[in-house]
Amino acid sequence: MSGERLSAWMRTAPIGGSYAVAAETPAATLVHMPVFRPDDEARIRELFDALERPVELLVALGPEETPMPGAGDLDFGGETRRIVEALAALSENVTFRVEEEPAGLDRFPAIAVLPEGEDVGVRYDGLPWGYELGSLVGAIVEAGRREPALAPESLEALAGLDQDLAIEVFVTPT
């Protein structure tokens, strides 16, 4: 799928609407909705079918924290794992593993996107729900390319930098 088609897909409605909420009583179980709507699942499969190399997703759960007020006792780490597991189920080229606090990750939950298992510094911090899930899918698609999708002018400008840079991009649905 071309970068233009990926961008158009990422601007559409949020993916899924998945969530898991702990019930108020200890004896109750988590309630799970499907992670993806059927049409979203088909679109993601199409994107992942075009991957040119394998991509591993490292889920970092981090230390257990008390849920924030209003979070409804949501297990952010558990839900992140469930979403990543569902993504990996859509392609043989996408795998995942889970670690509590791997080196190099200091915000939790987090997902390191590893093309061919190599840590190239691509991270997704937080729970990838709704519109945010499109950013994670886009990162997987980019990591699965053999060549960057950047314009030649951009690659030239990056090659001209005289020092290493760390770029952080923050996404919010507002």
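We did not get these values from a lab; they are worked out from the coordinates using the rules stated. Given the structure is predicted, the values throughout are model-derived calculations rather than measurements. Quick reminder, even Gly has a Cβ in these numbers, built from the backbone with ideal geometry, and neighbours come from all protein chains shown.
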(message) Suppose the chain between Glu168 and Arg45 were pulled fully straight at 0.36 nm per residue; how much longer would it get relative to their current alpha carbon spacing?
(response) 41.5 nm
(request) Which order do the peptides 127-133, 101-107 take when ranked by the mean count of other beta-carbon atoms within 10 Å per residue, highest first? (result) 127-133, 101-107
